[in-house]
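**Student:** Pasting a structure here, questions to come.
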Amino acid sequence: MFLGIVALGGISRFCHFSLGTKLDAVLFKKPLAEIDKIWICRKDTIILTRTAEHWLISQKEETATVPDSVVMALLDLVGSIRAVELVHTNRPDTLGLGPDAQKSIVCSSHQWDDQVFFVGNTVNRGHSVFTWVGLPRHEQYYLAPGDLNAAFNVAQRQYAPSVRMHTDTSGLNEIWYVLRGDTLLNTFRDSTRGTWLRPPFGAKDTVSTAQLAQWKQRWQSLCDRAVMADFFDKRSASETFCGEMGFYYQQYPQRVVNYRLFYVRYPVLPDDPEKRRYFRNFKPQYLFESDLQPGFYFSVSDSLTIHQLNIF
């Protein structure tokens, strides 16, 4: 991206453009298929995140799936933005590009540095609509065709309901839970006696129906309160992995659902300072990813709840 404008920026160091210099330059290079995340930074920041199977849209700790067509339309739009005019001004606020007025768009990829541009005022020129655009470390500002403010005016509520953590505790035959290498829970159903056993699995090591029901309630409550963690960087999964749960079901062939557990003490901070402010109040938390929803990470900020899962 931005290769087309780099040359223009270099030329501008040696040439003095007058106000309203006409040009026709594509600001961003296509394709943009490597993008993993798009931040639309404004009062209520929107985050679009690519997972293994879906794109997610997050706003105010609420997350929902968003159709691929919506994201592809935004990427096509970014790739087609072209400048038809540039100006030099000491008053970018008059273009809607002052620090308090601008909307910043951040495109992130694991293959290259974050790419940022700023969206300013939308104006009418004759019978056509244009939007002022700014780029970091560029002294000039660009006029681009179209209403970019309307194009990037997406909201999470458009794609409700929010994504919730899925689970199924019916028909269980065995449950095991390992946290940081220590087996905290390992119980299975004795089909011959219709009872549940726990280590060392003797005749007296049974789990009552009431105890099992209470454990299922605690687990369901945890799933209900877990929220989508759009901040998690899957590249740090191996470093933050700390445990796993397994649910075995009474089926043939036996069905197994694994829940992988991660402990995130510090988030992976983005390079852009505009985005870092959203992590000022970050607290260490656990994350779950399951076979039921691969690529979806759900945050559990109450660590005590995690450790109570081993109590029968």
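The values are calculated or read from the model by the stated rules, or taken from the named source; none is laboratory data. Given the structure is predicted, the values throughout are model-derived calculations rather than measurements. All Cβ positions, glycine included, derive from the backbone under ideal geometry; neighbour counts span all protein chains shown. Heavy atoms of the whole protein, side chains included, go into the accessibility calculation; ligands, DNA and RNA do not. Shrake-Rupley method; radii C 1.70, N 1.55, O 1.52, S 1.80 Å.
**Student:** Can you pull out the residues in the range 237-259 that are hydroxyl-bearing (Ser, Thr, Tyr) and touching a strand residue (DSSP E or B) at 6+ places or on another chain (Cβ under 8 Å)?
**Tutor:** If we filter the range 237-259 for residues that are hydroxyl-bearing (Ser, Thr, Tyr), which is where we start, we get 238, 240, 248-249, 252, 259.
Listed by number, the residues that qualify are Thr240, Tyr248, Tyr249, Tyr259.
**Student:** Out of all the residues in the range 206-251, which are open to solvent by less than 20 Å² (accessible area, probe 1.4 Å) and assigned to a strand (DSSP E or B)?
**Tutor:** Val207, Met228, Cys242, Gly243, Met245, Gly246, Phe247, Tyr249
**Student:** Could you please let me know if Lys60 is out of contact with any Phe, Trp or Tyr (no Cβ under 9 Å at 6 or more places or on another chain) and not aliphatic (A, V, I, L, M)? So that I can check it myself, show each step before the final result.
**Tutor:** Values: out of contact with any Phe, Trp or Tyr (no Cβ under 9 Å at 6 or more places or on another chain): yes; not aliphatic (A, V, I, L, M): yes.
In short, yes.
**Student:** If you check every pair at least six apart or on different chains, which have Cβ atoms under 6 Å apart with a residue in the range 137-149 that is within 17 Å of Gly98 (Cβ to Cβ) first and a residue that is of a type in the set (S, T, N, Q) and open to solvent by 30 Å² or more (accessible area, probe 1.4 Å) second?
**Tutor:** Matching pairs, first to second residue: Asn149/Thr122.
**Student:** Does Ser58 satisfy being in contact with a Lys or Arg (Cβ under 6 Å, 6 or more places away or on another chain) and under 22 Å from Lys43 (Cα atoms)? Full working, then the answer.
**Tutor:** Values: in contact with a Lys or Arg (Cβ under 6 Å, 6 or more places away or on another chain): no; under 22 Å from Lys43 (Cα atoms): yes.
No, not satisfied.
**Student:** Asp100 - would you say it is at pLDDT below 90, among the charged types (D, E, K, R) and under 30 Å from Lys234 (Cβ atoms)? Walk me through it before giving the result.
**Tutor:** Working: at pLDDT below 90: yes; among the charged types (D, E, K, R): yes; under 30 Å from Lys234 (Cβ atoms): no.
Taking the combined requirement at face value, the residue does not satisfy it.
**Student:** When the residues of the range 102-122 are filtered to those that are touching a strand residue (DSSP E or B) at 6+ places or on another chain (Cβ under 6 Å) and of a type in the set (D, E, K, R), which remaining residue is surrounded by the most Cβ atoms within 10 Å (Cβ to Cβ)?
**Tutor:** Out of the qualifying residues, it is Lys103.
**Student:** List every residue pair whose Cβ atoms sit under 7 Å apart, with the two residues 6 or more apart in sequence or on different chains, where the first one lies in the range 63-80 and is touching a residue at least 60 places away in the same chain (Cβ under 8 Å) and the second, anywhere, is part of a helix (DSSP H, G or I).
**Tutor:** If the second residue must be part of a helix (DSSP H, G or I), the pairs left are Ala64/Gln156; Ala64/Tyr159; Thr65/Tyr159; Val66/Tyr159; Leu77/Ala151.
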